[in-house]
Structure formats: C-alpha cells, structure tokens
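Following: one structure in structure tokens, then a few remarks.
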2 protein chains.
Amino acid sequence: MPLSTSELLHQLQWRYAVKKFDSTRKISATNWQVLEDALVLTPSSYGLQPWQFLMVQNLGLRQKLKSASWNQAQVEDCSHFVVFAALQSLDEAYIDRFADYTASVRHVPVEKIQGYIQMMKGDLIKGPRSREIHEWATRQAYIALGNLMTSAAVLGIDTCPMEGIEPVKYDEILQLNTTPYRTVVACAVGYRHADDAYAKAAKVRFPKDQILRTLS
Amino acid sequence: MPLSTSELLHQLQWRYAVKKFDSTRKISATNWQVLEDALVLTPSSYGLQPWQFLMVQNLGLRQKLKSASWNQAQVEDCSHFVVFAALQSLDEAYIDRFADYTASVRHVPVEKIQGYIQMMKGDLIKGPRSREIHEWATRQAYIALGNLMTSAAVLGIDTCPMEGIEPVKYDEILQLNTTPYRTVVACAVGYRHADDAYAKAAKVRFPKDQILRTLS
C-alpha cells in the first residue's frame, strides 16, 4: 500500500473547509503541477471529460470573483483558485472527436470502437440523458472536485470547496459565455492560516449507522 | 507529506475503471472499515451529508442489481458494492436536526449558530436551490464518489464507477422508496482480475491545454 490506512484517515480527518488561508504561503510549482495532473486524471462518464478547469491566478480576476462569491476571503487569500466549468451541451462532433482521439492514443482503428461510440451517442445524444447534459457534466465535475480535495489532503495541502458563488457572474468575469462551458463550482487551494479557528472545530458527521447501511 | 507526489500520480495512473474483478479476492475487514470511514468523512455542502451509502454484500440482491445494470459483471464479481443514494427533498426539520447535532458535537448552544442555520434555510428551503434539492444532493454524492475512488487508489484498491444503472429499479430492489433517499450512482470496489485487458489500455485524457487553462 502506497499510503497506510491510518495515514489516509489521519489526512481526511486533518482536512476541513479552510475559512482563512495563509496568503503568504504558496504551493510550490512542482506540487501544483501534480495537483493539475491529478485533476486531468479524474475519471468521468465514458471518459468524456466534459469539463474545463480554470486556474485563476490573476489578482484582478480574483478580486472580481470574490465579489461574486459573497466576498469570501478565500478567493483572494488562497494560493491557487480553481473554477470548475462543465459542458452546457453535447453534440455528435464532440463524441466523434473524443473517439478519434481515443483511437489514436490506443493505436486502434476507430472502426474497432464503433460499439462504444454508438453506446455513448445512444445514451447522451439520443437517449433521455440528452435532456440533462449540463447536469450530467456537472456531476462529473463534482467527481473532479472530490478527487482534488482528497489528492490535496494526502499531500498535506488544504482546500475549501466553494458552492456559494454566483455562476452567471463567474461566467461573465471569466468570459466563459463564448465557450461551451459554464461555471459550476470552485475550490480554493493553499495552506491554512495558523489563526483559522475552524481548524480546531470538531468535525460533524452523523453517526455511521445513520448514513451507511450494510445489506448482508 | 504523508504521500509523495510521485506516489500519488502513480496511483492515479494505476487506477482505471475495472471491467473484470477477481471475485476470489476480498478487501480485508480492516481496509473496508477505513474506506467506510473515508466515505463518512466526505465534505458536503454546509456539512449536511444529504446522502446514504448502501454496502450491498447480499448475493441475492447483487444478482438483482446486476440485472438492473445492463448485466455488468462487476456488480457480482467485486469484493464490495456501494450504492450512493441522495436525498430527494429537504425540510426544515432535517436542517434543525443537523444544527442540534452540530451544536452538541461542538459543545455550543444552538443559539450560537443561528446565522449558519438561517443561511442554510435561506438557501435550501426558501431560495432558488430549493427547487433542485435532489440535484444538489446528487452532486454531493458525486464528491463522495470521487473521494472513494481516490482514497481506494492510494490504498492500492480498485474501483469501477457505475452510472450505467437503472436507478428506479435499484430503488425498488433496495426498498429505498419508503426512505427520503434515491439511488444516483454506484461503485464496485475490489481487486482487478489478472485477465482484465482494460488494465493495459492506454489512459485517454485530452491534452492538458484543452481542458485546463491558467489565467495569470
């Protein structure tokens, strides 16, 4: 095991939604690269990766985003600020592009994966899921959010997931309206400030038997 | 750092959606306990944990679920099968119960957290999000799915996320209809079979500059 079970649990207990970041501490370029790679490696439905991750390092943009985030300080004070955007719609061309790319990466003729292509199109273009593509894509982006928070935690890096944002304003500020992607959630990444009282607050989780059931 | 960056990336590269599990290999009780605890520790919106995790170990139920999962073998062959269910609706009583519990865990009078309670109610009971509670809860469950897959990967345990399921049939089989929860996604957990050809397939991820943008 690369990580022991006790270390994993320790890190997941250590993690909390940081309210006050230490704005003087920055994630090293090497570590940030790894978290970017972790995001890219996130699993998604059919492998379609219906997302875009925006790393907002520009301070002017951060200030504007903060005002579209109920003025939460994390937006400005964190080391790295990630905005998760998800596809708003999906067409056959996207799936064809993905299929061609898959075939080239795997060195197989695209004809060999026709079953896979037709399954994706049947489900997402022709099936009932075609009516909720943005929601389907948003769910995938939340897998990425979960992956990022856990990946950061096992590296000893702090995060704060941020749903209290105004996605429409984010789209304007980040000029996403001219792209097929729309803001769905954000995550501040960095290091907790020594003064953040929330770091010491007891973690609140319902008793295990209320949210977890074993059917044996 | 509890885990080195190279080990993290190695494990995320090692991970893939297992098609064929080794049905003779079971996750040890100790390790399973840790993955359950990891699920419980998943972050959620306001900490509300609007989910239930069902660990389906009963083979009769697994057979029925398989037939509601396009007969995918993973449902039966994996070591542990997790169904993620999300709240269908949310009322003030749920938030009050969570607030009382929070106050007791943190040893503060519930009056001290009235601001927090009113914010949750304003957003989820009275605000626009009240019209999409199941979707909000589903997104939270997907954070848990992402957390589970990454937690398992760093422990060297395999997973297969399963969206190709029939949630309505799952609800019937698992008798969720009489509860406030509804099936949203599932995940098979265990160990890959040595014969699973997909383990050797190249991972397909769009070039980083297509899905990740740095605004500096």
| message | Charges on Cβ only, +1 for Lys and Arg, -1 for Asp and Glu, centred on the Cα centroid of segment A:64-113; of A:Phe98, A:Trp70, A:Pro109, which one is farthest towards the dipole's positive end? | response | A:Trp70
| Relative contact order of segment A:115-216, pairs being alpha-carbon contacts under 8 Å that are 6 or more residues apart, as % | 21
| note | Note: A:154-161 gets an average of partner chain Cβ contacts (10 Å, Cβ to Cβ) equal to 4
| query | Using Cα atoms only, what is the angle between the long axis of helix A:5-14 and the major principal axis of chain A, expressed in degrees (0 to 90) to the nearest 10? | reply | 70
| Which residue of chain A is nearest the rotation axis onto chain B, counting by its Cβ, and what is the distance in whole Å? | A:Gly146, 1
| query | For chain A, what proportion of DSSP beta bridges, expressed in % and rounded to the nearest 5, is antiparallel? | reply | 95
| message | Ordered shortest first, which distances in nm separate the 7 Å Cα→C-beta label point of A:Ser67 from those of the other copies? | response | 6.1
| note | Within the under-13-Å Cβ sphere about B:Ser67, not counting B:Ser67, Lys/Arg +1 and Asp/Glu -1 give a net charge of +1
| task | Would you mind checking the tilt of helix B:92-106 against the longest principal axis of the Cα atoms of chain B, expressed as 0 to 90 degrees and rounded to 10? | result | 80
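With +1 assigned to the C-beta of every Lys and Arg and -1 to the C-beta of every Asp and Glu, and no other charges, what is the dipole magnitude of the protein assembly as shown about the Cα centre in debye, to the nearest 20? Could you put the intermediate results ahead of the total?
Details: 48 positive and 44 negative charges, 40 e Å.
Dipole size: approximately 200 debye.
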| task | Provide the descending list of Cα extents for the protein assembly as shown along its principal axes, expressed in whole angstroms. | result | 57, 47, 41
| query | What fraction of the Cα pairs in segment A:68-216, stated in percent, has a spacing above 23 angstrom? | reply | 56
| note | Projected onto the charge dipole of chain B (unit charges on the beta-carbon of Lys, Arg, Asp and Glu, signs +1, +1, -1, -1), the Cα from B:Pro167, B:Phe53, B:Ala17 with the largest positive-side position is that of B:Ala17
| note | So, relative contact order of chain B in percent, Cα under 8 Å, 6 or more apart, is 35
| Can you give the helix-only mean residue ellipticity at 222 nm for chain A, where every DSSP H stretch with n ≥ 4 adds -39500 (n - 2.57) and the sum goes over all residues, rounded to the nearest 500 deg cm²/dmol? | -12500 deg cm²/dmol
| task | Using the structure shown, list the pairs from B:Lys26/B:Lys64; A:Lys208/B:Lys26; A:Lys112/B:Lys66 with a Cα-Cα distance above 24 Å, or answer none. | result | A:Lys112/B:Lys66
| task | Quote the charge dipole size of chain A about the Cα centre in Debye, to the nearest 20; the model charges only the Cβ of Lys and Arg (+1) and of Asp and Glu (-1). | result | 460
| message | Once the label point is set 7 Å along the Cα-to-beta-carbon vector, what list of distances in nm do you get between B:Tyr116 and its counterparts in the other copies? | response | 4.6
| query | Label-to-label distances across copies for A:Asp100, with labels 7 Å out along Cα→Cβ, in nm, shortest first? | reply | 6.1
| Assigned charges on the beta-carbon of Lys, Arg, Asp, Glu; segment A:1-115 dipole about Cα centre (debye) | 540
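Readers should treat all values here as calculations from the given coordinates under stated rules, not as data from a laboratory. All values reported here derive from a predicted model rather than from experimental measurement. As a convention, Cβ positions derive from the backbone with ideal geometry for all residues, glycine included, and neighbour counts pool all protein chains shown.
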